[in-house]
Amino acid sequence: ESYQAATLTAYVGKHRLSFNQQAATLVKRYEGVPYRYGGTSPAGFDCSGLTQYVYRHLGKNIVLTAEEQFLEFRPISKKRAWGGDLVFFHVDSNPNSYVYHVGVYEGGNDMVAATTTGSDVQWQNFSWAGDTVTFGTLTH
């Protein structure tokens, strides 16, 4: 898979893609990969396995579970979130409540995430989650 990450670090015109742009691009390559509980590879991903894999292949080692990733990332507002940051899904509207799901933010109300058993990695709209989502970054 390293060749894929290498192609993302190519220069676009005279500008190198930022880490966030690379993450938002790389994750889309895994759309259609089956969901697998505990999965951390293109053979099958769960939500946090996908985010960990994408970040790791771009040089940032992050912890595995959605809750641990939430605790590791710096909280930011949706207004300040960039594509490639993470979207965290909480059990309720308390922004410090338990995180049960995570995806890679793509802008607007969209993300790419490993969904649930019987499904696969998908581009998704998360507006259904209302005020139970928060955003986190490592880069800005």
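Brief remarks follow.
- Average Cα contact separation per residue, region 93-140, under 8 Å, 6 or more apart, as relative contact order %: 32
- Computed about its Cα centre, the charge dipole of the chain is approximately 580 debye, with only Lys, Arg, Asp and Glu carrying charge at their Cβ.
- ³J(HN,Hα), Karplus 6.51/-1.76/1.60, whole Hz, each residue of region 24-37, x for Gly, Pro: 5, 7, 4, 4, 5, 5, 9, 4, x, 5, x, 6, 9, 4
- Couplings 3J(HN,Hα) for region 106-119, derived from phi with the Karplus relation 6.51 cos²θ - 1.76 cosθ + 1.60 (θ = phi - 60°), are 10, x, x, 10, 10, 8, 10, 8, 7, 8, 7, 3, x, 10 Hz, where x marks Gly and Pro.
- Spatial separation of Cα centroids for region 51-130 and region 13-33, in angstrom: 16
- Trypsin sites (Lys or Arg not before Pro) restricted to region 8-84 and DSSP loop, no more than 12 other C-beta within 10 Å: 14
- With contacts taken as Cα pairs under 8 Å and at least 6 residues apart, the chain reaches a relative contact order of 26 percent.
- Backbone phi angles across region 40-45, fed through the Karplus curve with coefficients 6.51, -1.76 and 1.60 (θ = phi - 60°), yield HN-Hα couplings of 10, 8, x, 6, x, 10 Hz in residue order; Gly and Pro are listed as x.
- Potential extension, residue 36-residue 93 segment - 0.36 nm per residue separation minus Cα distance: 17.8 nm
- Expressed as a whole percent, the accessible area of region 27-88 that falls on carbon and sulfur atoms is 53 (1.4 Å probe).
- Prolate/oblate/rounded label for the chain (Cα gyration tensor, a/c 1.5): oblate
- Virtual paramagnetic centre 7 Å along Cα→Cβ of residue 127, amide N under 16 Å, in region 84-109: 106-109
- Mean accessible surface per residue for the chain, computed with a 1.4 Å probe while every protein chain stays in place, in Å²: 50
- Surrounding net charge for residue 67, when Lys and Arg each add one and Asp and Glu each subtract one, Cβ distance under 15 Å: -4
- Choice from 15, 90, 101 showing the highest fluctuation, given a GNM over the chain with Cα pairs closer than 10 Å: 15
The values are calculated or read from the model by the stated rules, or taken from the named source; none is laboratory data. The model shown is predicted, which means the values in this text are computed figures rather than measured ones. When we count neighbours, we look across all protein chains shown, and the Cβ atoms used for this are built from the backbone with ideal geometry, even at glycine. Just the protein is used for accessible areas: all its heavy atoms, side chains included, with ligands, DNA and RNA removed. Shrake-Rupley method; radii C 1.70, N 1.55, O 1.52, S 1.80 Å.
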